[in-house]
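The values are calculated or read from the model by the stated rules, or taken from the named source; none is laboratory data. Small disclaimer: the values here were computed from a predicted structure and weren't measured. Glycine also receives a Cβ, built like all others from the backbone with ideal geometry; neighbour counts cover every protein chain displayed. Remember, those area values only see protein heavy atoms, side chains included, never the ligands or the DNA or RNA. Shrake-Rupley method; radii C 1.70, N 1.55, O 1.52, S 1.80 Å.
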Amino acid sequence: NVEAYAALLDSFAGELQQRIVPHARAHSLLTHFNGYLFGHLGFAGNEKNFYDPDNSYLNCVLDRRTGNPINLCLLYLLLARRLRLPVSGIGLPGHFLCRYQSASEELFIDAFNRGKVMTKADCIHYLVRGNYDLREEYLSPVSPRRILTRICGNLHQIYSRLGHPEAVTRFQRYLVALGR
């Protein structure tokens, strides 16, 4: 029910709008945003069952209040867009973050870890620690199409591990259609 979930997101954004101070510094604004989303609403990363397919479906994430990094970031992005905040998705290898970037401030948000605020140096440290190349593209915003492709790729892998060939085939078709 797309309309019901859109209305739910609109409701969240309306409540959040009452809690944040317009034109506040990024750290203050993100503290209020995170307090509402992860404290008041109780969203959290699903650490107990990370590879549960429901972590990758936004409607299930909204219903259960738990999800994987990319879908919690998607929720973050959808709320930020409704509030006209300068937030974008960042597709690190093996993880997904949001980035708040204004003319004077740049901060990264780890929605899987209750909105932990990170610096660019923290992100570089993550890449170095994981033995990933230091590529500028890893810290650049990704398009909605790339987000959807990554979600479908995750589901393709999950269903492969679970031995669900029909779902594997369905997500393979989605990935082909998305141009992966």
Is it fair to say residue 154 is touching a residue at least 40 places away in the same chain (Cβ under 8 Å), within 18 Å of the chain's Cα centre (by Cα), surrounded by 14 or more Cβ atoms within 10 Å (Cβ to Cβ) and more than 21 Å from residue 34 (Cβ to Cβ)?
-> yes
Is it the case that the range 33-51 has a residue that's hydroxyl-bearing (Ser, Thr, Tyr), part of a helix (DSSP H, G or I) and under 18 Å from residue 113 (Cβ atoms)?
-> yes
Please determine, by comparing only the residues of the range 2-30 that are modelled with pLDDT of 95 or more and among the hydroxyl-bearing types (Ser, Thr, Tyr), which one is nearest to residue 96 (Cα to Cα).
-> 5
Working only within the range 55-80, note down all residues that are assigned to a helix (DSSP H, G or I) and of a type outside the set (A, V, I, L, M).
-> 55, 56, 59, 60, 63, 64, 69, 71, 73, 76
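Each row is one residue, and each column tells you yes or no for (1) in contact (Cβ under 8 Å) with a residue 12 or more places away in the chain; (2) out of contact with any Leu (no Cβ under 6 Å at 6 or more places or on another chain); (3) open to solvent by 50 Å² or more (accessible area, probe 1.4 Å).
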position	(1), (2), (3)
9	yes, no, no
13	yes, no, no
32	yes, yes, yes
42	yes, yes, no
50	yes, yes, yes
59	yes, yes, yes
66	yes, yes, no
69	yes, yes, no
Could you list, in sequence order, the residues of the range 104-127 that are open to solvent by 80 Å² or more (accessible area, probe 1.4 Å) and either without any contact (Cβ under 8 Å) to a residue 12 or more places away in the chain or at negative phi (or both)?
-> 104, 116, 125
Exception for residue 50 within (1) over 21 Å from residue 102 (Cα atoms); (2) among the aromatic types (Phe, Trp, Tyr); (3) modelled with pLDDT of 95 or more; (4) under 15 Å from the mean Cα position of the chain (by Cα) falls at (3)
